[in-house]
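Worksheet: one structure, shown below.
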Amino acid sequence: MKKILFTGCGGQIGSELVLAFRNVYGSENVIATDLSANVSRELLDSGTFVQLDVLDKESIVNVIDKYDVGSVVHLAAILSAVGEKNPQLAWNVNMNGTVNIFEIAREKKLEKILVPSSIAAFGPDTPKEMTPQRTILHPTTMYGVTKVAIELLGDYYNHHYGMDIRGLRYPGVISHKTLPGGGTTDYAVAIYFDAVKKKSYNCFLKEDTMLPMIYMPDCLRATLELFQADKSRLTCATGYNLAAFSTTPAEMAESIKKYMPDFEITYSPDFRQEIADSWTNSIDDREAREEWGWKPEYDLDRVTKDMLAEVGKKQFNLTQTT
Ligand code: NAD
Ligand code: SER
């Protein structure tokens, strides 16, 4: 088979998604790349890794030719909080990196491109509850602007060049293997690490900030399912709404208290509050369910149980080796 190339594989999602793809397609068929060489040992030991900047079109072409690449999962991006601190960087990496991937795919007639979108594609004008698939996309962050532009550009390439570009609007992703890379939903990971370490957490969002979230195993399965879905059934290919559960920092704290009664949370909202307030509370993902069979498995309490156990093991290992 032709190889599947990953960009941005060293991040929160890539570090696990590459391994999930290697399990399904074979280690030799999945080429991992990132700007940074600081990727996990598991990723390096399980297959090919190449250091690659998505802004360097010539080097991407060389890697695609060298490894006979047929599809790309394009994860390299600057997320919302880092993007608001440096909007020019977010525009450059997210847009020009993606244009490079789309153009190379067009020129080389690649089979398939998957590039995630985000709940950040929504904005203050978007209906907040059970946000529908087809809705107002008028974000106020540079990250969100790039996500909407990438969805539209993908639609354009699909329509005008007959390409196969797919994407899903990930909610905030919760995981324990690799820390998130500077988003607004990062609190939903940090809360578990601090709970295990200190039995307390100082949250950068207000207690009642409701946001859609998803646990990594569901995120991995959704991505594989969309990647494998029958193209003829996809009516909103470049930005499928995807839901698992919605929650607030206060609800997460209550969930943690079920397992750790003396856990305490405090709140010191910062610039990320405005970003979170511009996004929606809950998502209607019926198209993903109907067109490629999406169904989440993890709710908040199941995530809490698993995260506390997994982060606890890390803490134990850390204590043992120091
Ligand atoms: P991350 O920030 O953890 O990782 C991004 C990776 O991209 C990093 O390893 C970084 O080194 C790499 N990168 C940055 N600039 C690069 C460049 N010029 N060339 C090559 N690599 C570069 O991000 P993530 O959470 O893994 O997100 C992956 C994708 O999923 C992104 O498109 C993101 O917008 C989307 N997404 C993530 C979430 C989430 O909660 N994690 C939610 C919605 C959407
Ligand atoms: N988790 C991401 C962020 O907060 C959403 O795309 O930026």
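FYI, it's all coordinate maths here, none of it is from the lab. Because the structure is a prediction, the values reported are computed rather than measured. So basically every Cβ, Gly included, is an ideal-geometry build from the backbone, and we count neighbours across all protein chains shown.
Rounded to the nearest Å, what's the spacing between the alpha carbon centres of segment 112-144 and segment 269-300? Just the number, please. Spelled out, the Cα-based centre of one part sits 10 Å from the other. For Lys305, a cut-off of 28 angstrom between C-alpha atoms picks up these lysines, skipping any fewer than 8 places away in its own chain: Lys177, Lys197, Lys198, Lys199, Lys206, Lys257, Lys258, Lys295, Lys313, Lys314. When its C-alpha radius of gyration is set against 2.2 N^0.38 Å (N residues), segment 207-285 gives a value of 1.42.
Taking 1.567 mPa s as the viscosity and 4 °C as the temperature, the Stokes-Einstein diffusion coefficient of segment 263-311 based on its alpha-carbon Kirkwood radius rounds to 90 µm²/s.
The distance between label points at Gln133 and Gln228 comes to 2.1 nm (points 7 Å beyond Cα on the Cα→Cβ vector).
If you take the alpha carbon atoms of segment 1-67 and fit the smallest convex hull around them, that volume is 70 Å³ per residue. Based on Cα atoms of the chain, Rg over Rh with Rh as the Kirkwood radius reads 0.96. Computed about the Cα centre, the dipole magnitude for the chain is approximately 500 debye when only Lys and Arg (+1) and Asp and Glu (-1) carry charge, each at its Cβ. Computed over all pairs of different Cα atoms, the Kirkwood value for the hydrodynamic radius of segment 133-204 is 15.0 Å. What is the distance in Å between the Cα centres of segment 2-48 and segment 71-85? When both Cα centres are located, 17 Å separates them. Estimated translational diffusion coefficient (Stokes-Einstein, Kirkwood radius over Cα pairs, 4 °C, 1.567 mPa s) of segment 237-318: 84 µm² per second. The modelled label-to-label distance for the pair Asp301/Ala190, using points 7 Å beyond Cα in the direction of Cβ, is 2.8 nm.
Over segment 147-270, the fraction of Cα-Cα pairs per 10 Å bin, rounded to whole percents and listed from the shortest bin up, is 12, 35, 27, 16, 8, 1. Of all DSSP beta bridges confined to the chain, the antiparallel ones make up roughly 10%. From the Kirkwood radius over Cα pairs of segment 1-144, Stokes-Einstein at 37 °C and 0.692 mPa s returns a whole-number translational diffusion coefficient of 205 µm²/s. Ignoring solvent entirely, what values of log10 I(q)/I(0) come out of the Debye formula for segment 53-115 at 0.15, 0.29 Å⁻¹ when each Cα is a single scatterer? After summing over all Cα pairs, the log10 values are -0.46, -1.25. The P(r) of segment 84-212 has a tail past 26 Å containing 33 percent of all C-alpha pairs.
Pick out which of Tyr192, Tyr215, Tyr67 has the largest mean-square fluctuation in a Gaussian network model of the chain, springs linking Cα atoms closer than 10 Å. The residue with the greatest mean-square fluctuation here is Tyr67. Using the charge dipole of the chain (Lys, Arg: +1 at Cβ; Asp, Glu: -1 at Cβ; taken about the Cα centre), state which of Thr131, Ile150, Gly293 has its Cα farthest towards the positive end. Most positive-ward Cα: Gly293. Report note on the peptides 33-42, 173-182, 224-233: ranked by the mean count of other C-beta atoms within 10 Å, highest first, their order is 173-182, 33-42, 224-233.
Peptide packing: for 11-18, 262-269, the average count of neighbouring Cβ atoms within 10 Å per residue gives the ranking 11-18, 262-269, highest mean first. Cα extents for segment 42-81 along the principal axes, largest to smallest and rounded to whole angstrom: 35, 28, 17.
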